[in-house]
Amino acid sequence: MKLSIERAALLKAVSQAQSVVERRNTIPILANVLIEAEGADASFRATDLDIEVVDKAPAQVERAGATTVSATTLHEIVRKLPDGALVTLTADSATGRLTVEAGRSNFSLATLPKEDFPVMASSEYASNFTAPAPVLRRLFDKSKFAISTEETRYYLNGVYMHVADGDGGKTLRCVATDGHRLARIDAPMPEGAGDMPGVIVPRKTVGELRKLLDDDDLKVAVSVSETKIRFATPNITLTSKVIDGTFPDYSRVIPQGNTRKMEVDASDFARAVDRVATVSSERSRAVKLQLDEDRLVLSVNAPDSGAAEEELAVAYGDERLEIGFNAKYLLEIASQVDRENAVFLFNSSGDPTLMREGNDTSAVYVVMPMRV
Amino acid sequence: MPAICKDCIAQFDPAPRCPGCGSPRVVAHPELFSLSIAHMDCDAFYASVEKRDNPALRDKPVIIGGGRRGVVSTACYIARIRGVRSAMPMFKALALCPEAVVIAPRMAAYGEASRAIKAMMQTLTPDIEPLSLDEAFLDLNGTQRLHGAPPAVLLARLIKRMKDELGLTGSIGLSHNKFLAKIASDLDKPRGFSVIGQAETQAFLNDKPVRMIWGVGASGQNALNAAGIQTFADLRRWDRKDLINRFGPQGDRLWHLARGEDYRKVSAHMPMKSISNETTFDQDTSDIETLDGHLWRMALKVADRAKAKSLAGRVVVLKLKRANHAGLSRRTTLHSATQLADTIYRTARPLLDGAKDQGPFRLIGCGITDLHPESHAGHEADLLDPGAEKRAKAERAADQIKARFGQDAIIKGRALR
């Protein structure tokens with residue numbers, strides 16, 4: 001195999017590959033990226049056996065072929081090469097080495113046979129549809145903060161993507177929760193998504209997927225089966241197993257009868273929460289919200305380290321209310337709001353609180369209060 | 001050379017008997033009044049408490065321990081004459097001393113006696129470092145002016161008070177650091193009072209075996225023997241660097257200990273690192289119902305201790321020992337720290353389910369680590385588990401009932417398994 005490729009294109013492909021590769025590996029081949037050269041393309045494939053990413057980049061292929069080489073080493077080399085360099089990769093089957101040449105730099109890397117590289121079995125997909133990158137970006141960006149890291153409830157370690165009945169008919173919905181907060185994000189149903197089985201997309205896949213979605217004009221082809229999900233752009237294909245488990249019935253968690261409504265500028269609110277939380281060093285810092293007639297007082301009282309209080313003008317017309325939350329959770333949901341005011345709907349100090357942006361019900365957040 | 005009488009605490013110049021009361025129990029040592037680090041170790045503590053509470057046992061051999069598979073936790077001095085030692089398997093102990101009275105430990109009674117002793121020690125110094133219920137280090141440095149007597153006198157008074165007021169005896173080791181004080185307290189038990197002074201430290205240690213070092217067990221001893229180190233004299237011949245190269249960071253500690261040097265302070269507040277509990281079964285079992293019952297009772301005990309100490313743990317650990325003594329342990333990190341038996345049990349149970357095929361087991365243990373103050377414990381409410389908050393409230397209510405009416409006032413059916 002011999003090919004030449006622009007440093008920028010190579011860096012993009014290799015960095016995607018090395019982020020899929022697990023840092024600690026017991027199977028040596030899984031630390032490698034499979035490079036295949038054919039026609040006018042070079043493809044770079046990496047896997048951790050749960051996720052597989054294939055990145056295609058235009059290249060001048062002198063001699064078709066394939067080999068595998070350490071993803072991190074290749075990434076480090078390419079990263080350190082000067083911008084604009086043309087990189088030549090040559091696999092020598094006699095020595096079992098891959099030569100990387102750019103300008104006057106020359107590297108020779110150990111390889112492993114391409115036959116040893118595990119290729120993810122292809123799957124029958126029950127549903128295929130395309131969705132604009134910004135739509136997918138919003139679905140996952142706004143829900144991923146609520147993904148649980150708890151090992152015991154492994155079925156919460158991802159985003160539940162499924163078809164649901166929304167306010168205006170069928171909707172493509174992403175839900176994530178860790179039992180303390182929940183995010184429910186809706187998007188218009190793409191054509192052909194109606195038969196999609198509900199799947200739990202693992203946390204790592206959500207992170208990898210995000211790298212595909214930066215281009216606003218891009219359409220992403222999504223294929224879903226009971227066990228796998230695939231996202232494909234013209235250059236990159238990301239295939240992932242989904243979490244084998246049942247996502248809990250989240251609908252009963254979302255409060256319907258919360259009537260005490262507070263409206264507040266989300267960024268003012270977030271900044272105030274952040275400021276008062278400074279005095280507490282505890283892991284779960286509790287912020288107390290005292291609401292009374294268009295007035296919100298945020299306070300933190302940490303007996304060991306100090307106390308803080310801040311007053312904020314809000315729109316609130318219900319009876320007095322005192323309720324406590326984990327500061328981190330408040331900050332995270334407040335930072336999801338980007339256009340309008342944040343609207344909080346409370347019931348009592350012990351019941352879950354609902355937050356949304358203005359009157360938009362396509363993104364709804366629920367957070368559990370804590371005793372203060 | 002100063003001397004004191006252990007019976008009447010009189011101070012005098014050395015004589016074979018106390019000039020005041022005629023007792024032969026005299027301690028004399030050139031540095032007696034200048035040393036201030038002490039180790040107090042009760043004599044056959046559990047057995048002594050039992051004998052005190054039941055005088056009929058006074059002249060009988062008494063062994064504290066439990067179950068057919070259990071081990072001796074304490075043997076009284078009568079049983080020790082027959083060769084019974086602590087940590088000896090019970091069947092072996094009973095073979096040596098068939099007429100011994102075996103008593104299951106009454107931890108509550110020992111805890112109470114321990115607290116009474118600690119209260120007495122606290123009148124002498126705040127710098128007390130308990131090692132267990134029946135032994136503690138005391139740093140009496142700087143207390144002479146306050147109490148109007150040197151540490152040795154205060155310690156002799158402490159032992160006398162323990163005997164007079166609590167009916168319990170103990171031994172004292174007095175030296176210039178913790179390492180030597182602990183060795184000293186063991187030198188002439190029971191009712192001992194041993195002193196290791198600065199001047200004699202080297203000579204004292206020379207021919208002593210290195211297994212005297214706290215923390216050097218069977219495997220440590222093997223490692224040292226393999227390096228040709230049997231005694232402290234052998235150890236002292238080694239270069240400091242060579243010891244570190246061979247034994248790692250422990251090597252440095254060994255180098256200092258070889259010279260009788262130990263710079264650890266007597267610290268009253270050793271932060272607790274974990275809370276755990278374990279049980280050895282009478283018979284190996286793989287019955288999940290039985291294991292489950294044990295798991296729940298242990299979760300309760302762990303939770304009780306955590307609550308008593310106002311602590312909460314973020315990592316739940318399950319420990320199992322298989323019939324062939326191979327241990328296995330499983331752990332889960334929680335979202336936030338807990339001190340609730342319900343949460344500990346519910347977290348450990350799936351771990352048990354995951355390991356149950358490897359049974360039968362001879363031991364099960366459960367505990368929490370990564371401890372935080374209880375104020376750091378997370379909220380008990382869970383969106384997806386509406387029952388969690390109710391169960392937490394029920395547990396707190398049960399705790400209050402137990403506090404008023406006793407530990408057995410309210411239990412779960414699960415605890416009877």
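The values are calculated or read from the model by the stated rules, or taken from the named source; none is laboratory data. Being a predicted model, the structure only gives us computed values, none of them experimental. Cβ: placed from backbone, ideal geometry, glycine included. Neighbour counts: every protein chain shown. Just the protein is used for accessible areas: all its heavy atoms, side chains included, with ligands, DNA and RNA removed. Shrake-Rupley method; radii C 1.70, N 1.55, O 1.52, S 1.80 Å.
Data table
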| item | result |
| --- | --- |
| From A:S93, A:S19, A:S108, residue being modelled with pLDDT of 95 or more, among the polar types (S, T, N, Q) and open to solvent by 10 Å² or more (accessible area, probe 1.4 Å) | A:S108 |
| Any hit, the range A:181-190, residues being within 14 Å of chain B (Cβ to nearest Cβ), within 30 Å of B:V315 (Cβ to Cβ), of a type in the set (G, A, S) and in a loop (DSSP other than H, G, I, E, B) | no |
| Exclusive hit being touching a Leu at 6+ places or on another chain (Cβ under 9 Å), at pLDDT below 90 and not assigned by TED's automatic domain parsing to the domain that holds B:D234, set B:L295, B:L311, B:L291 | B:L311 |
| Subset tally (residues that are open to solvent by 10 Å² or more (accessible area, probe 1.4 Å) and in contact with a Phe, Trp or Tyr (Cβ under 8 Å, 6 or more places away or on another chain)) for the range A:331-367 | 4 |
| The range A:283-298, subset open to solvent by 40 Å² or more (accessible area, probe 1.4 Å) and within 31 Å of the chain's Cα centre (by Cα), residue farthest from the other protein chains (Cβ to nearest Cβ) | A:K288 |
| Residue match in the range A:196-216 (condition: over 15 Å from the mean Cα position of the chain (by Cα), open to solvent by 10 Å² or more (accessible area, probe 1.4 Å), more than 30 Å from B:R330 (Cβ to Cβ) and among the small types (G, A, S)) | yes |
| Wholly enclosed strands (runs of 3 or more DSSP E) of the range B:14-82 bearing at least 1 residues within 21 Å of B:A95 (Cβ to Cβ), more than 21 Å from the chain's Cα centre (by Cα) and of a type outside the set (D, E, K, R) | none |
| Which numbered condition A:R285 fails, given (1) basic (K, R); (2) under 22 Å from A:K142 (Cβ atoms); (3) touching a residue at least 24 places away in the same chain (Cβ under 8 Å) | (2) |
| Residue within the range B:265-288 that is open to solvent by less than 20 Å² (accessible area, probe 1.4 Å), within 21 Å of B:S132 (Cα to Cα) and in contact (Cβ under 8 Å) with a residue 12 or more places away in the chain present | yes |
| Some residue of the range A:299-306 being in contact with a helix residue (DSSP H, G or I) (Cβ under 8 Å, 6 or more places away or on another chain), surrounded by 16 or more Cβ atoms within 10 Å (Cβ to Cβ), in contact (Cβ under 8 Å) with a residue 12 or more places away in the chain and more than 26 Å from A:K144 (Cβ to Cβ) | yes |
| Residue among A:V222, A:V276, A:V201, A:V297 that is modelled with pLDDT under 95 and touching a Leu at 6+ places or on another chain (Cβ under 9 Å) | A:V276 |
| Criterion violated by A:G245 - all others in (1) under 28 Å from the mean Cα position of the chain (by Cα); (2) open to solvent by less than 40 Å² (accessible area, probe 1.4 Å); (3) of a type in the set (G, A, S); (4) farther than 30 Å from A:P197 by Cβ satisfied | (4) |
| Search result, residues across the range B:127-161 that are touching a residue at least 60 places away in the same chain (Cβ under 8 Å) and among the aliphatic types (A, V, I, L, M) | B:I128, B:L133, B:A136, B:L138, B:L140, B:A152, B:V153, B:L155, B:A156, B:L158, B:I159 |
| Test: B:T343 is within 14 Å of chain A (Cβ to nearest Cβ) and part of a helix (DSSP H, G or I) | yes |
| Criterion: of a type in the set (G, A, S) and either closer than 13 Å to B:R346 by Cβ or outside the structural domain of B:R305 (by TED's automatic domain parsing) (or both) - qualifying residue of B:A392, B:A381, B:A398, B:A403 | B:A392 |
| Unique match (being under 18 Å from A:I35 (Cβ atoms) and either among the polar types (S, T, N, Q) or crowded, with 18+ Cβ neighbours inside 10 Å (or both)) among A:L86, A:L81 | A:L81 |
| Scan of the range A:140-180 for residues that are within 14 Å of chain B (Cβ to nearest Cβ), in a loop (DSSP other than H, G, I, E, B) and either crowded, with 24+ Cβ neighbours inside 10 Å or not acidic (D, E) (or both), ordered by number | A:I147, A:S148, A:T149, A:T152, A:R153, A:N157, A:G179, A:H180 |
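Here is a yes/no grid of residues against (1) within 13 Å of chain A (Cβ to nearest Cβ); (2) over 25 Å from A:F247 (Cα atoms); (3) in a loop (DSSP other than H, G, I, E, B); (4) touching a Ser or Thr at 6+ places or on another chain (Cβ under 6 Å):
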position	(1), (2), (3), (4)
B:A306	no, yes, no, no
B:L334	yes, no, no, no
B:A348	yes, no, no, no
B:D357	no, yes, no, no
B:G367	no, yes, no, yes
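Quick grid of which residues meet (1) buried (at least 20 other Cβ atoms within 10 Å of the Cβ); (2) over 27 Å from A:P248 (Cβ atoms):
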{"residue": "B:A337", "(1), (2)": "yes, no"}
{"residue": "B:G359", "(1), (2)": "no, yes"}
{"residue": "B:P373", "(1), (2)": "no, yes"}
{"residue": "B:K390", "(1), (2)": "no, no"}
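Rundown of residues vs (1) away from chain B (no Cβ under 14 Å); (2) within 30 Å of A:E191 (Cβ to Cβ), yes/no style:
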{"site": "A:S225", "(1), (2)": "yes, yes"}
{"site": "A:F231", "(1), (2)": "yes, yes"}
{"site": "A:T237", "(1), (2)": "yes, yes"}
{"site": "A:K241", "(1), (2)": "yes, yes"}
{"site": "A:D244", "(1), (2)": "yes, yes"}
{"site": "A:Y250", "(1), (2)": "no, yes"}
{"site": "A:I254", "(1), (2)": "no, yes"}
{"site": "A:S267", "(1), (2)": "yes, no"}
